[in-house]
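The values are calculated or read from the model by the stated rules, or taken from the named source; none is laboratory data. Quick caveat: nothing in here was measured; it's all calculated off a predicted structure. Glycine gets a Cβ as well: all are built from the backbone with ideal geometry, and neighbour counts include every protein chain shown. Only protein heavy atoms, including side chains, enter the accessible area calculation; ligands, DNA and RNA are left aside. Shrake-Rupley method; radii C 1.70, N 1.55, O 1.52, S 1.80 Å.
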Amino acid sequence: MPTLIAGAVAVIVLYFLLQMFRAANPAVLARALKIVGGVVALAVAAFTGVKGELAVAIPLGIFGAGLLGWSPFGMPGFPNIGGMFGGGARRSPGQASRVRSQFLDMTLDHDSGELDGQIVAGPYAGHPLSEFDLSQLTAMVAGFDAESVALLESYLDRRFPAWRQDAQGNTAGGQRRAAPSGKMTDEEAYQILGLQPGAGRDEIGRAHRALMKKLHPDQGGSTYLAARVNEAKEVLLRRHR
C-alpha cells in the first residue's frame with residue numbers, strides 16, 4: 001500500500017510540474033521546484049526517520065532544509081548549509097539592486113527575484129509599472145529612449161513571459177539593444193549589485209553570482225540586465241586591481 005500511495009503522489013507531482021514547465025516564468029519555476037523538492041525531501045526524511053533509518057533521514061532532511069532556505073547549522077561554530085543551495089549564508093535579507101534610465105527606475109529584489117519599477121519622466125512620471133496592463137506598457141515604447149526600452153522589455157519578460165510571441169508587428173516585440181548611456185559610475189555599480197560603497201572583492205563576486213542566477217538569459221532572464229550586472233562587477237573590481 002505505501003508503494004501505491006508513493007506512486008500516485010509521484011504521478012500527481014509530475015503532472016503539475018509539466019504544467020508549470022509549459023506556462024511558468026523560468027525564474028518563478030526555479031523557485032517553485034526548490035520549494036517542492038524541499039518539501040518532498042523533508043517528507044521522505046521524516047518517513048525514513050520513523051522507520052529508524054537515520055543514516056538516510058538526517059542527510060536527506062538537511063538537503064530538504066537547504067532547498068527551502070532553512071539553516072539547520074546556521075549557529076556559531078557551524079557552517080550555514082543554505083549557501084550550498086543558493087540561500088547565501090552571507091546575503092542580508094531585504095537587499096535590492098537598482099538600475100535607472102532616463103524614464104525608468106527599476107528595482108530587483110534579491111530574495112524573491114521580483115523586478116519592479118517606477119516611471120520617473122514623461123506624462124506618467126511617479127507611477128509604478130504595476131499600475132499598467134500589457135497594452136498600456138507596450139504603447140509607452142515609442143516615447144522611451146533605447147535604454148529605457150531595454151529596461152521595460154526586461155520587466156515585460158518577467159511579468160508577461162509570452163508577450164514577445166503575442167506582440168503584433170515590431171513596435172515593442174523586437175529585441176532592441178540599448179544604446180550605451182556613458183561610463184558607469186561607482187555609485188551606479190554599487191546600486192546595481194545591491195552593495196554598500198567599499199564592498200570587497202568577495203562581496204562583489206557573491207553579489208554578481210547571485211544576481212546572474214536570476215538574470216542570466218539561459219535561465220529565462222534579461223540579456224540587458226545581465227550585461228549591466230557584468231559591467232557593474234567590472235567597474236568595481238577595477239578598484240581592487
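Within the range 34-50, which residues are at pLDDT below 75 and open to solvent by 60 Å² or more (accessible area, probe 1.4 Å)?
Hit for the range 34-50 is 34, nothing else.
How many of the residues making up the range 195-213 are surrounded by 20 or more Cβ atoms within 10 Å (Cβ to Cβ) and over 13 Å from residue 230 (Cα atoms)?
1
Return only the number of the condition from (1) at pLDDT 75 or above; (2) of a type in the set (Lys, Arg); (3) over 18 Å from the mean Cα position of the chain (by Cα) that residue 159 does not satisfy.
Here residue 159 meets the rest and fails (3).
Test residue 147 against the stated conditions and say whether it is under 27 Å from residue 208 (Cα atoms), acidic (Asp, Glu) and open to solvent by 50 Å² or more (accessible area, probe 1.4 Å).
No; evaluated as a whole, the condition is false for this residue.
Based on what the data block shows, is residue 79 modelled with pLDDT of 80 or more, open to solvent by 70 Å² or more (accessible area, probe 1.4 Å), farther than 18 Å from residue 155 by Cα and not hydrophobic (A, V, I, L, M, F, W, C)?
Against the criterion (modelled with pLDDT of 80 or more, open to solvent by 70 Å² or more (accessible area, probe 1.4 Å), farther than 18 Å from residue 155 by Cα and not hydrophobic (A, V, I, L, M, F, W, C)), residue 79 does not qualify.
Looking at 152, 129, 134, which one is open to solvent by 30 Å² or more (accessible area, probe 1.4 Å), touching a residue at least 12 places away in the same chain (Cβ under 8 Å) and among the hydrophobic types (A, V, I, L, M, F, W, C)?
134
For the structure I just gave you, tell me whether residue 73 is modelled with pLDDT of 80 or more and touching a helix residue (DSSP H, G or I) at 6+ places or on another chain (Cβ under 7 Å).
So residue 73 fails the test.
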